[in-house]
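Peer 1: To start, I am sharing the structure in question, which I have written as structure tokens.
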Amino acid sequence: MSTLFAVLALAACGSDADSASSAGAPTTAVTSYPTTIPADTTLRVGDQNQLKATLDLAGQSTGTPYKVDWSTFASGPLLLEAFRASAVDIGVVADTPPVIAAASGQDLAVIAAWNNPPGQLALTTKPGSPIRSVADLKGKKVAITTGTILQAYLLRSLDSVGLEQKDVSIVNLAITDISAALARGDADAGVTVEPLSTAYLQANPTAHKIDGADASPMVQYLITTRKVLSDPAKQAALGDFIQRWVKAVDWRDSHTEEYIDKYYVEQLKVPVSTAKVLVGTGVPSTFVPIDATSIGGAQKLADLFYSSGVLPKKVDISKVFDARYNSAVKEAQK
């Protein structure tokens, strides 16, 4: 395993924490969940190299009153495919995959949300570029990975200066190929992710970050499906899992040196300096309730995808939010 794994674990996810006053409440009126977990219950967890390692290191993966089957996925879109095939019950994605899923009518439910600090993404230029601001991107070639956090980051950045995706020429590349494409001059600018951003800028001193790029917090979600939520045993197991995850994240954010050493250095074989860039730009995480504010941020992103022509129709994103586990998050934070 390597730095590549760590990069993919981050970049498969996404963000947008702004609220929208027109956002509605979650479509479900359910505000509680069963707590009795039958002994034969199994929870199938889709991981992007975040969940299991953090739960293990925090001591939260032991003693679960249900069996946990783990599956690992390299990206949010691939995880969504597993949900579509009813192969997993819960997983972590960022805010972009649920918007794409909602537009296609996929059965999906966001059951917990948290914000990470900005700083893990950047708009960077090719070497020697005269581009300085987001407004300078008009008519230029911009490298992203479509359907991921990178596209959302670009759209929000463009929107802040009155531009849309159609105002630039998109170069769709794998996340790990963008820095090399910039170095070759195959794109004028691109959305890069840490630690690749830092490595690219160090290797190409005449390249630089673009001023005015999106600086909103990054949002991540625990997701499941309505089908899973119709099973009382699974519902109860999800409540327990969410509490364990909240506690594990709290441990991670208060034990960053130990987390870096045991996860990034020992497991992923990532250099300490690289791990510090990744962790330093990604913590602490702040859990937020599923309510009008969190749904409003997601709706704003969905509207931005629609107005930019990425989505063929408007999406009511509130339909994929479920507030029944807000109490589980609160309980875990006590």
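The values are calculated or read from the model by the stated rules, or taken from the named source; none is laboratory data. Computed from a prediction, not measured in an experiment: that's the story for all the values here. Backbone-built Cβ (ideal geometry, glycine too); neighbour counts: all protein chains shown. Accessible surface is based on the protein model in full, side chains and every heavy atom, while ligands, DNA and RNA are left aside. Shrake-Rupley method; radii C 1.70, N 1.55, O 1.52, S 1.80 Å.
Peer 1: Consider LYS247 against the criteria (1) under 22 Å from the mean Cα position of the chain (by Cα); (2) under 30 Å from ARG132 (Cβ atoms); (3) modelled with pLDDT of 95 or more: it satisfies all of them except one. Which criterion is unmet?
Peer 2: Failed condition: (2).
Here is a yes/no grid of residues against (1) among the small types (Gly, Ala, Ser); (2) over 30 Å from ILE37 (Cα atoms):
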{"position": "VAL68", "(1), (2)": "no, no"}
{"position": "ARG84", "(1), (2)": "no, no"}
{"position": "ILE90", "(1), (2)": "no, no"}
{"position": "PRO97", "(1), (2)": "no, no"}
{"position": "PRO117", "(1), (2)": "no, yes"}
{"position": "LYS126", "(1), (2)": "no, yes"}
{"position": "GLY139", "(1), (2)": "yes, yes"}
{"position": "GLY162", "(1), (2)": "yes, yes"}
{"position": "ASP167", "(1), (2)": "no, yes"}
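Peer 1: Cβ-Cβ distance below 7 Å, separation of 6 or more or different chains: which pairs start in region 99-110 with a residue that is free of Cβ contacts under 8 Å to residues at least 60 places away in the same chain and end on one that is part of a helix (DSSP H, G or I) and crowded, with 22+ Cβ neighbours inside 10 Å?
Peer 2: That search, which allows pairs on different chains as well, returns GLN106/LEU80.
Peer 1: Among the candidates VAL7, VAL68, VAL30, which residue alone is out of contact with any Gly (no Cβ under 6 Å at 6 or more places or on another chain), modelled with pLDDT under 90 and surrounded by fewer than 20 Cβ atoms within 10 Å (Cβ to Cβ)?
Peer 2: Testing whether each residue is out of contact with any Gly (no Cβ under 6 Å at 6 or more places or on another chain), modelled with pLDDT under 90 and surrounded by fewer than 20 Cβ atoms within 10 Å (Cβ to Cβ) leaves just VAL30.
Peer 1: Identify the residue in region 78-92 that is open to solvent by 50 Å² or more (accessible area, probe 1.4 Å) and not in a loop (DSSP other than H, G, I, E, B) and, among all such residues, is farthest from MET218 (Cα to Cα).
Peer 2: Among residues in region 78-92 that are open to solvent by 50 Å² or more (accessible area, probe 1.4 Å) and not in a loop (DSSP other than H, G, I, E, B), the one farthest from MET218 (Cα to Cα) is ARG84.
Peer 1: With respect to LYS269, determine if the residue is surrounded by fewer than 16 Cβ atoms within 10 Å (Cβ to Cβ) and in contact with a helix residue (DSSP H, G or I) (Cβ under 7 Å, 6 or more places away or on another chain).
Peer 2: Here the answer is no, as LYS269 does not meet what is asked.
Peer 1: Right, another one. Taking region 181-215, which residues are surrounded by fewer than 20 Cβ atoms within 10 Å (Cβ to Cβ) and of a type in the set (Ser, Thr, Tyr)?
Peer 2: Hits for region 181-215 are THR198, THR206.
Peer 1: Sort out which residues of region 287-315 are modelled with pLDDT of 95 or more, open to solvent by 10 Å² or more (accessible area, probe 1.4 Å) and outside any helix (DSSP H, G or I), and write them in order of number.
Peer 2: Selection gives PHE287, VAL288, PRO289, ASP291.
Peer 1: Among the residues of region 159-178, which ones are open to solvent by less than 40 Å² (accessible area, probe 1.4 Å) and either part of a loop (DSSP other than H, G, I, E, B) or in contact (Cβ under 8 Å) with a residue 40 or more places away in the chain (or both)?
Peer 2: Scanning region 159-178 gives LEU163, GLN165, VAL168, ILE175.
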